[in-house]
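What follows is a set of notes on a single structure, which appears directly below.
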Amino acid sequence: MDSYEIVRANKRPKKSVKVSNRPEYVDGVRWIGMEFADFNHEGDLNEMFSIRTHIMGTGFYLKNKPFVVTCFHVIEDCMDPVNIQSPHSEHSIRSGGNRYIKNLIVGDENGHEKAVIVAIDPKHDLALLELKIAEEHRKEESRCGFELAKEYPKIGERVGYCGYPISDRLCVESIQPTYAEGAAGSFVQKTKTMNKIQISGPIIGGFSGSPIFSRYKQKIVYGIAYTSAADDASGRSEIFFGAGYEHIANLARCY
């Protein structure tokens, strides 16, 4: 699933007041992105570097767990020592052309925080991120998280999913997650390496890492959206797959 990019020259998302009277699942969902500086050698000293925010996908909290779950492919481009082994560093050691990655970030409409990668499972396309905030704040954030299901949805059962599609085309200061619905399209597909669920429902780039949850119990997660049968270069599709909840549970135990 593709992602997009916007320019926020020397500008960070503003803090805002939390929105009340909204569905409970919204508070557990976050966008996943990175901040980097682009070098413009033709500009003057004040315009030589511009800070960009690139939103790559979606993640979500598990209830009372101090980390955010997302897809490995969402954060793969941030597999950089600055975001893994040196969580207190302010500088990146990786560059590509005139681009310098600065920080892996996790956010919502209230702003964003720096994060580090604490666990990965490339085989099941999973990763865990920890926000660089005080422990008590992580606990507070995770109280609104999702709980893992104990069984999969039946064929035809309605499910919801919530994420940040085409977020870089929107205003990052006020962006809110998008809710969509689909249905379990087949039996759970179990192989030696992966349990995955097929969902019949509209999806587009940026939904990667979205929780797939019960429409009727909106904090119960069946899996995490990770790939689609894209119809065109936009990443739009009417069918997608999710890694099963067992794989999320297994990685969470490694934290």
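What to note about this one:
- Residue match in the stretch 74-90 (condition: in a loop (DSSP other than H, G, I, E, B), modelled with pLDDT of 90 or more and among the polar types (S, T, N, Q)): no
- Some residue of the stretch 54-66 being modelled with pLDDT of 65 or more, surrounded by 15 or more Cβ atoms within 10 Å (Cβ to Cβ) and in contact with a Lys or Arg (Cβ under 6 Å, 6 or more places away or on another chain): yes
- Looking only at the stretch 192-224, and only at residues there that are outside any strand (DSSP E or B) and among the aromatic types (Phe, Trp, Tyr), the one that is nearest to the chain's Cα centre (by Cα): Phe207
- Qualifying residue in the stretch 104-111 (condition: under 27 Å from Cys162 (Cβ atoms), modelled with pLDDT under 90 and surrounded by fewer than 18 Cβ atoms within 10 Å (Cβ to Cβ)): yes
- Elements of the type strands (runs of 3 or more DSSP E) sitting completely within the stretch 104-191 and holding at least 1 residues that are over 16 Å from the mean Cα position of the chain (by Cα): these cover 158-163, 178-184.
- Selection status of Ala243, assigned to a strand (DSSP E or B), more than 18 Å from Lys65 (Cβ to Cβ) and modelled with pLDDT of 90 or more: no
The values are calculated or read from the model by the stated rules, or taken from the named source; none is laboratory data. All values derive from a computational prediction rather than experimental measurement. Don't worry about glycine lacking a Cβ; one is built from the backbone with ideal geometry, like all the others, and counts go over all protein chains shown.
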